[in-house]
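Structure first, then comments.
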Amino acid sequence: MGARIDLLEMPVVLRPLMPFAAAFVLAFALSGTPLPARAAGAPGVADAVPVAPGLHAFDLTAARNGLTYRVDVSVPPVTPPPGGFPVLYVLDGNAFFGVAGTTARLLGWERPIAVVAIGYPGVIGFDLARRYLDFTSAVTPRGRSIMGTRAPKVPTGGDEAFLDVILNEIRPEVARRFPVNDDRASLFGHSLGGRFVLHAAFTRPHAFRRWMASSPSIWWNDRELLTEEANFAARADRPALNLTLAVGGAEQDPEADDTPERVAFRNMARMVDGVRDMYARLAELQGDAGHLELLVVPDEGHISMVPAALARAVRRAGE
């Protein structure tokens, strides 16, 4: 039988984390709660509301695309280092803020980092319509044909506008409000969010210090990311990327309740093969430059691998 930790017998090292974990559960529960609309610092930006000690939230209506974002922030309860805390930006903030923030508190005793989760007001979990818009290029007829019945029925193609919002509106506002080091910023995204991270890394490689693409949807739009990757490789001014590619080791494995549609989609997506192949190409391209790594989480699927990927992202963001 494996080891077990009972709450009453929890070691002193872990016991102080329980209030933080409870606070992140509270923050997750409040992710669908409206925040005050008073402007602070910039038009369309609401005051930051303290959710719990070290946790804050504010809404921002972006000038670039007119859309409103919920920004949740976790700041370590210690004196910031000179220049401010390293900061990890996390997409799908409504779904992942609790896991990312608790992980940062658990692993950050030696290298504390701030976590900024970008999500959407009024949502608990995933906002499928908004993530299709923010994380993707415009779906092409060929891409729609490949996805079949899984093709989105909502608008797509807002990735460039969303990237502008992050770089030119959200990040400056976070830097204005909190003691973060914007020169030590990392970006994490999962699935379509991982696809967005790779798009940003290949087209604006200087935007973040580190990149974390978790189970990226390389298959989107007939694998157009491969063209962006090739264009990046051909750049004379190409920097060496600090990039983590992660995927669940079981993402291509058949499941007992598979339908023919799911089997066809899994065979098309080739999640594990796509990540491994991209890592091999980038490793050959970069050699010893930068920091490129592949994380295959054994026996885990598309969602169950996320905690391990976020743990690696937190560790890398603090380096």
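The values are calculated or read from the model by the stated rules, or taken from the named source; none is laboratory data. What you see is a predicted model; the values in this text were computed from it and never measured. Methodologically, a virtual Cβ is constructed for each residue, glycine included, from the backbone with ideal geometry; neighbour enumeration extends over all protein chains shown. Calculation scope for accessible area: heavy atoms of the full protein, side chains included, ligands and nucleic acids excluded. Shrake-Rupley method; radii C 1.70, N 1.55, O 1.52, S 1.80 Å.
Give a quick list of GluC sites (Glu not before Pro) in the stretch 190-287 that DSSP marks as loop, anything other than H, G, I, E or B, with at most 16 other Cβ atoms within 10 Å.
Qualifying residues, ordered by number: GLU255.
How high is the relative contact order of the stretch 84-235? Use alpha-carbon pairs under 8 Å, at least six apart in sequence, and give a whole percent.
24 percent
What list of whole percents do you get for P(r) of the stretch 87-220, with Cα-Cα distances grouped in 5 Å bins up to the one holding the largest distance?
Binned Cα distances yield the sequence 2, 10, 19, 24, 20, 13, 7, 3, 2, 0.
Which trypsin sites (Lys or Arg not before Pro) does the stretch 76-153 hold that lie in a coil by DSSP with at most 10 other beta carbons within 10 Å?
Answer by residue number: LYS153.
Taking each pair of distinct Cα atoms in the stretch 230-319 once, what is the resulting Kirkwood hydrodynamic radius in Å?
Kirkwood hydrodynamic radius for the stretch 230-319: 14.7 Å.
Which of the trypsin sites (Lys or Arg not before Pro) found in the stretch 231-277 are in a DSSP loop and have at most 13 neighbouring Cβ atoms, other than their own, within 10 Å?
ARG235
Report in % the part of the accessible area of the stretch 215-305 that belongs to carbon and sulfur, leaving out ligands and nucleic acids; probe 1.4 Å.
Summing carbon and sulfur atoms, their accessible area is 51 percent of the total for the stretch 215-305.
Share of antiparallel DSSP beta bridges in the stretch 66-161, in percent to the nearest 5?
Just about 55 percent of them are antiparallel.
GLY143: net charge of surrounding residues, Cβ under 15 Å, Lys/Arg +1, Asp/Glu -1, itself excluded?
+2
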